[in-house]
Amino acid sequence: MAKKIVTPGETIVEGMDYLPGDGTYRSGPEIRAEILGLADIRDRLVKVIPLSGRYMPKRDDPVIAIVTGVRYNMWELDINSPYDAMMLAGEATDRFIDLRKEKLSKYFSVGDALICKIIRVDETMSVFVTAKGPGLRKITDGKIIEVEPSKIPRIIGKNASMIKMIKEYTGVKMFVGQNGRIWLDGGNQELAVKVIREIEKKAHTDGLTDTIKEILEKEGEKHGEA
Amino acid sequence: MEKPEYLFKNGKRLDGRKLDEFRKMKIKVDVIDNAEGSAEVEFGKTRVVAAVYGPRELHPKHLVMSDRALLRAHYDMLSFSVEDRKRPGPGRREVEISKVLSEAFRSVVALDRFPRTGIDVFVKVVQADASTRITGLNAASVALAHAGIPMRSMVTGVTFGKIYDDKGKTYMAVDVFKPEDQWGMADVAYAKAWNTGEVVLLQMDGDVTKEEFMEGKKMADKAMEYVYKEQVKALKSVYEVE
């Protein structure tokens, strides 16, 4: 199912039956694209899947954040977005932190990378994250690469199928943040990075899974279900 | 160069074009890797690079608006873009053009989507042969779309001017180049939000009658469709499947 590339202002469909979704707007009977991307019409809902643009924080998104500041009762984090995120002291661990007795830098200090989740984004784009929860933690080894945030959905694949496949053939441990940062550890990282760059380059094309599988089968070896 | 006796003769302009004919146009997208979006546009010898940064944290802080982003265009000509060295840095003219370009784009970009941020659009004239602000505007429009910034419409512009022949008769011509800009009786910079039809930039140097203006505008509107199609083609070609 080849999707059509649309440019801002371009009319995608006409008719009051359709509903304008993300990346579109209504002008009279027409639904027009608001961004450069792929037009996606599902029943009545019309969307444009972006091909570029910065990461905009959304509630419940898993992200990889980097600590840029430690204050008295919270951390400031860079989430590769126009907006910085904040993490309150109570969101770091399940244990009680007595601010009178210990400093927050004991837990996370400037430069640390964290796998965390966005818990709140308000209308002024104040972003709050948490490091409490399954899979959320400080990153202590491996490496982080950055990709264009708009390509993340393809790197994850439907029901994380693409991630599973990469893990299976390269044996890496991997975490994909919605903000375009990917953590890799162990296994054949070289191949994993190569494949990720390939997905990034071809994110807008069809049959991506097959293309990637071909590369993985040729250059990787099966490590069993990851 | 001395003032020529004519700018139009035997149905041809000095560079051999017809009155409603555009110069050779070229649009390249994604020319600056560091930028969120970028484009290079050539109108004949006029060549402009535009790069978009952001939305990003805005400095100085007193410009920050809590409910929307600030879009700033920065127009400048590189010192070697003209024959006599252009003194670098923004002067009266550059500040004015930056202002009108910013305003043109603010009317179409969905700035309320990015509160507290700034979007910077850098427009650098690499080589100038008239119509630089419009070439820059076309480049900036493509660069903004390439950066994934939401906007209601593409912005497309053309210039038109009033030129004379050897018998003193005047004509309206589209896409003026250097001699026509310098010696012609008038030149108009004209830009629209193409998809919605709103005029977002209109400036004139010299003078024309209402009839002449309308004649020029009619030609310009036709030319604009051509420019718009080239912009769209360039944008789509980035993602074309090989």
Whole-angstrom Cα spans of the range A:128-226 along principal axes, big to small = 39, 28, 21
Residue of A:Ile215, A:Ile118, A:Ile163 that the Gaussian network model of chain A assigns the largest fluctuation, springs spanning Cα pairs under 10 Å = A:Ile215
Name the helices (complete DSSP H segments) of chain A with a Cα length along the long axis of 15 Å or more and a Kyte-Doolittle mean of at least -0.5, or state none.
-> A:189-201
Fewest to most Cβ atoms within 10 Å: A:Ile79, B:Ile32 sort as B:Ile32, A:Ile79
Taking Cα centroids, how far is the range B:9-52 from the range B:81-105 in Å?
-> 18
Long-range alpha-carbon pairs in the range B:8-237, meaning those over 25 Å apart, account in percent for 38
Over chain A, what is the mean sequence separation of C-alpha contacts under 8 Å (at least six apart), divided by residue count, expressed as relative contact order in percent?
-> 16
Count the DSSP beta bridges whose two residues both fall in chain A, then state the antiparallel fraction as a percent rounded to the nearest 5.
-> 90
Mean residue ellipticity at 222 nm from the helices of chain B, using -39,500 (n - 2.57) per DSSP H segment of n ≥ 4 over the full residue count, to the nearest 500 deg cm²/dmol?
-> -9000 deg cm²/dmol
Cα long-axis angle, helix B:132-146 against chain B (0 to 90 degrees, to the nearest 10) | 30
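For the range B:19-77, report the translational diffusion coefficient in µm²/s to the nearest whole number, using Stokes-Einstein at 20 °C, 1.002 mPa s, and a Kirkwood Rh over Cα pairs. Before the final figure, lay out each step's value.
Working: Rh = 14.0 Å.
D, rounded to a whole number, is 153 µm²/s.
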Are there trypsin sites (Lys or Arg not before Pro) in the range B:62-134 that DSSP marks as loop and that have at most 13 other Cβ atoms within 10 Å, and which are they?
-> B:Arg85
Please figure out what share of the DSSP beta bridges in the protein assembly as shown is antiparallel and state it in percent, rounded to the nearest 5.
-> 85
Take every DSSP beta bridge with both residues inside the range A:5-50 and express the antiparallel ones as a percent of the total, to the nearest 5.
-> 90
Among B:Phe22, B:Phe114, B:Phe43, whose mean-square fluctuation peaks in a Gaussian network model of chain B (Cα, cutoff 10 Å)?
-> B:Phe114
Using +1 at the Cβ of each Lys and Arg and -1 at the Cβ of each Asp and Glu in the protein assembly as shown, identify which of B:Phe160, B:Met25, A:Leu208 lies farthest towards the dipole's positive end.
-> A:Leu208
Taking other Cβ within 10 Å of each residue's Cβ, how do A:Val110, B:Val142, B:Val238 sort, fewest first?
-> A:Val110, B:Val238, B:Val142
In deg cm²/dmol, rounded to the nearest 500, the helical mean residue ellipticity at 222 nm of chain A, built from -39500 (n - 2.57) for every DSSP H run of length 4 or more, is -5000 deg cm²/dmol
Sorting A:Tyr169, A:Tyr72 on the 10 Å Cβ count, fewest up front, what's the list?
-> A:Tyr72, A:Tyr169
With Cα coordinates, the longest principal axis of chain B makes an angle with the long axis of helix B:210-238, in degrees rounded to 10, of 50
Value of Rg to Rh for the range A:62-139 (Rh from inverse mean 1/r over Cα pairs, i.e. Kirkwood) | 0.94
Principal semi-axes in Å for chain A [√(5λ), Cα gyration tensor, largest first] = 34, 27, 12
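Based on Cα coordinates alone, diagonalise the gyration tensor for the protein assembly as shown, multiply each eigenvalue by 5, take square roots, and list the semi-axes in whole Å, largest first.
49, 25, 20
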Å³ per residue of the Cα convex hull, for the range A:5-50?
-> 49
Among A:Gly28, A:Gly187, A:Gly90, which one shows the biggest mean-square fluctuation in a GNM of chain A, springs joining Cα atoms closer than 10 Å?
-> A:Gly28
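Taken together, the values in this text are just the output of simple stated rules run on the coordinates, not laboratory data. From a predicted model like this one, the values you see are computed outputs, not experimental measurements. Positions of Cβ are backbone-derived with ideal geometry, glycine not excepted, and every protein chain shown enters the neighbour counts.
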